[in-house]
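The block underneath contains the structure these notes are about, expressed in structure tokens.
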């Protein structure tokens with residue numbers, strides 16, 4: 001794959017200009033660009049600029065409302081129900097997690113749920129908003145794509161249904177887990193097709209729900225992604241159960257559709273739901289000692305003798321931070337095929353092109 | 001394996017008599033027996049009567065205090081820190097989840113953490129206490145055994161670190177996920193040794209942290225269990241991350257040790273921690289509609305075309321309920337080897353033997 005590389009600031013600015021050209025108010029375009037660029041900076045390439053073509057398709061068929069503003073529809077001292085009004089999920093997501101964190105600061109715990117929302121980028125961004133306030137964070141969202149059968153099933157009923165958890169540790173090195181509840185993301189399977197490579201056992205099911213190592217089974221022939229665990233023997237019913245719980249928290253509490261519902265994500269608006277929880281460790285223990293304990297735990301993992309001396313043990317959050325440090329120096333790479341698509345969208349939207 | 005089968009009531013009564021003989025107050029012995037027998041009834045055989053030899057060993061070396069009573073050490077309108085005083089975890093666990101559920105009924109959300117506790121049986125029992133009140137439940141606990149390396153590591157730093165989630169659906173058929181964050185439980189690996197069978201790929205690592213299919217590597221030769229995912233390619237870093245989060249919630253918030261700490265679970269008391277969360281869906285949506293939505297979602301899973309017509313798709317909680325229905329009729333089977341061990345413990349403790 002040939003790539004074109006641009007400095008972070010320029011990459012972010014290009015995103016901002018496209019979103020502004022779609023009619024987003026300046027602060028909303030700015031924050032959405034920030035969140036998308038955060039994903040690209042941290043190597044979560046599936047959740048940054050690569051989403052622009054999908055967002056544009058939703059926008060053009062009216063399923064997302066670029067001018068929408070989040071509002072609180074219902075509130076208690078520990079909770080907020082946020083209505084995103086059919087907009088993209090980034091601004092309402094950040095709004096909701098900031099609200100949950102503020103509630104946690106006053107009440108000890110805060111939970112916010114967003115309804116009538118769309119894709120919000122990477123879960124981890126929002127988890128980090130809580131963690132940077134010294135709080136434990138938890139974020140989940142429903143997904144628009146339905147590509148995953150329940151364990152033992154031969155039809156798609158679930159999305160990649162991601163879940164993220166975080167906790168403060170040493171400054172700048174929090175614990176930050178952000179995971180799809182599938183074994184592999186669809187993008188990784190598609191890359192195998194492009195590179196004419198087999199998929200590892202446990203990633204892919206064919207259209208009859210049988211194990212396969214041919215990535216074309218899922219990319220081209222109606223097959224499926226597996227739940228984390230990969231097979232019944234590998235305990236994929238655990239990944240399947242986690243995915244259901246994600247949909248219950250993020251979709252069910254928001255009153256939005258389940259991925260198994262007819263017409264899921266194909267209504268007037270995309271119609272996703274998000275879930276955000278923030279918890280102040282100070283209601284149980286000394287917050288400084290708590291963060292020091294998480295740091296000690298994380299450092300014990302990092303110090304574990306590695307199987308391969310060239311691959312030191314890492315803690316959730318470490319790989320993404322290493323990528324971000326590198327990309328801040330070297331710029332953010334974007335495949336030239338994707339870049340051409342984004343440029344065509346920018347041109348059609350009347351957004352200036354600043355990526356060179 | 002030869003088994004001896006007894007009616008549920010008799011099985012539960014035997015457990016109660018042993019616990020009472022250890023000095024537990026009658027209500028505590030009764031509730032602990034109830035929770036252990038619930039696990040056996042539901043087929044969670046690793047967490048019921050099979051724990052008696054471990055509990056007895058802890059008791060004899062003074063690491064558990066049979067006469068301990070839980071007390072609330074710290075409280076807010078949304079939280080309670082419960083001190084178990086070094087007792088077994090069942091009574092403080094049920095106390096803590098009932099407290100969290102009561103807080104959720106008044107405040108919308110309740111979180112309880114138990115410190116200075118020991119093994120509490122199966123997580124799912126406590127999750128169900130919340131679910132039966134119409135609440136979403138979440139339960140996690142630290143574990144005493146340390147058998148799991150972080151992904152890419154060649155030394156044990158984590159436990160099986162279980163996590164449970166539940167939500168109300170149709171009466172008697174809630175969503176109830178209760179999972180170790182490892183691929184397979186140690187008991188299932190030990191069974192493979194006993195039956196002279198290989199372990200499926202992804203269950204076992206040898207003492208150098210390399211993939212193995214020989215269950216003796218973990219049972220006899222210093223090897224390890226894998227995190228859910230089974231291998232780096234299978235995304236075991238997700239199961240590893242979930243295990244860390246379990247320890248952060250259940251151990252870190254309780255101020256107890258992490259499994260990577262020197263002397264973990266080998267102090268004056270066993271020194272585990274538990275985490276319980278209850279959330280009232282009514283703070284976001286209509287509670288009846290919420291439960292109906294979870295039921296619709298679950299039934300869509302059950303109605304999914306199965307890969308193998310002989311294996312219909314199930315929802316987390318279904319397999320355990322099917323086992324419980326069968327065992328209520330047919331009795332609870334216990335391996336004769338285990339039963340002889342339990343009988344010797346009963347005799348040494350001065351507990352009457354009622355299992356025939």
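The values are calculated or read from the model by the stated rules, or taken from the named source; none is laboratory data. Since this is a predicted model, take the numbers as computed values, not measurements. Ideal geometry is used to build each Cβ from the backbone, glycine not excepted, and the neighbour counts take in all protein chains shown.
Within the range A:237-252, being within 7 Å of another protein chain (Cβ to nearest Cβ) and closer than 17 Å to residue B:285 by Cβ holds for A:245, A:247, A:248, A:252. Only residues that are crowded, with 22+ Cβ neighbours inside 10 Å and in a loop (DSSP other than H, G, I, E, B) were counted across the range B:194-230, and they come to 10.
Could you tell me whether residue A:152 is surrounded by 24 or more Cβ atoms within 10 Å (Cβ to Cβ), in contact with a strand residue (DSSP E or B) (Cβ under 9 Å, 6 or more places away or on another chain) and either in contact (Cβ under 8 Å) with a residue 24 or more places away in the chain or under 30 Å from residue A:190 (Cα atoms) (or both)?
Details: surrounded by 24 or more Cβ atoms within 10 Å (Cβ to Cβ): no; in contact with a strand residue (DSSP E or B) (Cβ under 9 Å, 6 or more places away or on another chain): yes; either in contact (Cβ under 8 Å) with a residue 24 or more places away in the chain or under 30 Å from residue A:190 (Cα atoms) (or both): yes.
Judged against the criteria, residue A:152 is not a match.
Among the residues that make up the range A:279-298, is at least one of them touching a strand residue (DSSP E or B) at 6+ places or on another chain (Cβ under 8 Å), buried (at least 24 other Cβ atoms within 10 Å of the Cβ), closer than 21 Å to residue A:65 by Cα and at the interface with chain B (Cβ under 10 Å from one of its Cβ atoms)? No, every residue in the range A:279-298 fails to be touching a strand residue (DSSP E or B) at 6+ places or on another chain (Cβ under 8 Å), buried (at least 24 other Cβ atoms within 10 Å of the Cβ), closer than 21 Å to residue A:65 by Cα and at the interface with chain B (Cβ under 10 Å from one of its Cβ atoms). Checking every residue in the range A:115-133 against the condition of being under 17 Å from the mean Cα position of the chain (by Cα) and closer than 23 Å to residue A:231 by Cα gives zero matches. Out of all the residues in the range B:249-266, which are touching a residue at least 24 places away in the same chain (Cβ under 8 Å) and outside any loop (DSSP other than H, G, I, E, B)? B:249, B:250, B:251 - these are the residues of the range B:249-266 that are touching a residue at least 24 places away in the same chain (Cβ under 8 Å) and outside any loop (DSSP other than H, G, I, E, B).
When only residues in the range A:216-244 that are without any contact (Cβ under 8 Å) to a residue 24 or more places away in the chain and within 21 Å of the chain's Cα centre (by Cα) count, which is farthest from residue B:290 (Cα to Cα)? Give the derivation first.
Residues of the range A:216-244 without any contact (Cβ under 8 Å) to a residue 24 or more places away in the chain: A:216-217, A:221-223, A:233, A:235, A:238, A:241.
The next check asks that each one be within 21 Å of the chain's Cα centre (by Cα); those that pass are A:238, A:241.
Working: A:238: 23, A:241: 18 Å.
Selected residue: A:238.
Number of residues in the range B:176-203 that are in contact with a helix residue (DSSP H, G or I) (Cβ under 7 Å, 6 or more places away or on another chain) and away from every other protein chain (no Cβ under 13 Å) equals 3. Taking the criterion of being touching a residue at least 40 places away in the same chain (Cβ under 8 Å) and over 24 Å from residue B:139 (Cα atoms), the residues of the range B:165-215 that qualify are B:194, B:205, B:207, B:208, B:209.
Flag not set for residue B:322, criterion: farther than 24 Å from residue B:126 by Cβ, more than 10 Å from chain A (Cβ to nearest Cβ) and under 27 Å from the mean Cα position of the chain (by Cα).
Being surrounded by fewer than 19 Cβ atoms within 10 Å (Cβ to Cβ) and over 16 Å from residue B:268 (Cβ atoms) is a property that does not hold for residue B:60. For the criterion of being at the interface with chain A (Cβ under 7 Å from one of its Cβ atoms), more than 24 Å from residue B:80 (Cα to Cα), at pLDDT 95 or above and touching a strand residue (DSSP E or B) at 6+ places or on another chain (Cβ under 6 Å), residue B:223 fails. Among the candidates B:309, B:316, the residue that is over 23 Å from residue B:9 (Cβ atoms), assigned to a loop (DSSP other than H, G, I, E, B), within 12 Å of chain A (Cβ to nearest Cβ) and touching a strand residue (DSSP E or B) at 6+ places or on another chain (Cβ under 9 Å) is uniquely B:316.
So that you can scan it fast, the table gives a plain yes or no per residue for (1) away from chain B (no Cβ under 12 Å); (2) assigned to a strand (DSSP E or B):
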position	(1), (2)
A:129	yes, no
A:137	no, yes
A:140	no, yes
A:150	no, no
A:165	no, yes
A:174	no, yes
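Just checking, does the range B:9-31 include any residue being buried (at least 22 other Cβ atoms within 10 Å of the Cβ) and over 17 Å from residue B:351 (Cα atoms)? No. Exactly one residue among A:269, A:274 is more than 10 Å from every other protein chain (Cβ to nearest Cβ), in contact with a strand residue (DSSP E or B) (Cβ under 8 Å, 6 or more places away or on another chain) and in a loop (DSSP other than H, G, I, E, B), and that residue is A:269.
Do we find that residue B:70 is at pLDDT 95 or above, surrounded by fewer than 20 Cβ atoms within 10 Å (Cβ to Cβ) and over 16 Å from the mean Cα position of the chain (by Cα) in this structure? For residue B:70, the condition - at pLDDT 95 or above, surrounded by fewer than 20 Cβ atoms within 10 Å (Cβ to Cβ) and over 16 Å from the mean Cα position of the chain (by Cα) - is not met. The helices (runs of 4 or more DSSP H) falling completely within the range B:1-113 that include 1 or more residues that are without any contact (Cβ under 8 Å) to a residue 40 or more places away in the chain, more than 25 Å from residue B:184 (Cα to Cα) and touching a strand residue (DSSP E or B) at 6+ places or on another chain (Cβ under 7 Å) map to B:90-107.
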